[in-house]
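No value in this document is a laboratory result; all are computed from the given coordinates. On a predicted model such as this, the values are computed, not experimentally measured, just so you know. Cβ sites come from the backbone with ideal geometry, for glycine too, and all protein chains shown count toward neighbours.
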């Protein structure tokens, strides 16, 4: 299994898909607990949800599951949310705080997983950011995510439908954040900007507006596009068709801002 698949386009927007992959090597899968083997913490069907929304968008998709190694955590495994429950580079628990491993990987194995899976994904993503920036003078990374709307281990209450993360405005030009927020607000759905999800390592690492690289994370509540937030996590076409138009509007708004961002660089 290749660690990453890339579809190159000519738009200034790159879609990052770090958590939609479900591949787990057999020898790793066998060591997961039965609960872990359900792969419940996948960003289910997000690749389908965004498919075709912005013609010309580049996509970079991790094909491996986040239980193998999390492509949206830094290689040094520092917490993105100090003092809060979260999961690490190779998660030891699931999103409900339950153990994932019958036999947990040691540091040597984690280092090998980093080299085999995490590094190739980020090499591909960095290469696409450089390529797109060479074409447009700027690159806009939109990191695509989803998560169950009720996870007491990670957050209280119900997660909003749309969760925009820019690390408190650090990772992108404010016009991009404002454009995404405007579209979300116009839907009448619930939303948050830099709430529980402020952007993962990918957004924080690559988002360098001063260097012409802008990054924004969108964390969607899975209730917006799944039949149920439980096995088998089935895609709900009717729900998705009400969600896809505002997602398309966000992506088009971001792409339309690229010339202004380039002129200001």
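Brief remarks follow.
- For the chain, built as a Gaussian network whose Cα springs stay under 10 Å, the top-fluctuating residue of 204, 61, 189: 189
- Taking Cα atoms only, the orientation of helix 237-256 departs from the longest principal axis of the chain by about 50 degrees.
- P(r) weight above 18 Å for the range 70-154, C-alpha pairs, percent: 58 percent
- Cα long-axis angle, helix 119-136 against the chain (0 to 90 degrees, to the nearest 10): 0 degrees
- FRET E, pair residue 230, residue 27, Förster distance 22 Å, beta-carbon r, rounded to 0.05: 0.20
- Remark: 150, 45 ranked as 150, 45, counting other beta-carbon atoms within 10 Å and listing the fewest first.
- Whole-angstrom Cα spans of the range 107-182 along principal axes, big to small: 40, 37, 18
- Extension gain for the segment residue 265 to residue 187, taken as residue separation times 0.36 nm less the Cα-Cα distance, is 24.9 nm to one decimal.
- Cα-based Rg / Dmax (Å) for the range 1-87: 14.8, 43
- Principal-axis tilt of helix 174-186 within the chain, Cα atoms, nearest 10 degrees: 80 degrees
- Residue exposure sequence - 241, 76 - by fewest surrounding Cβ within 10 Å: 76, 241
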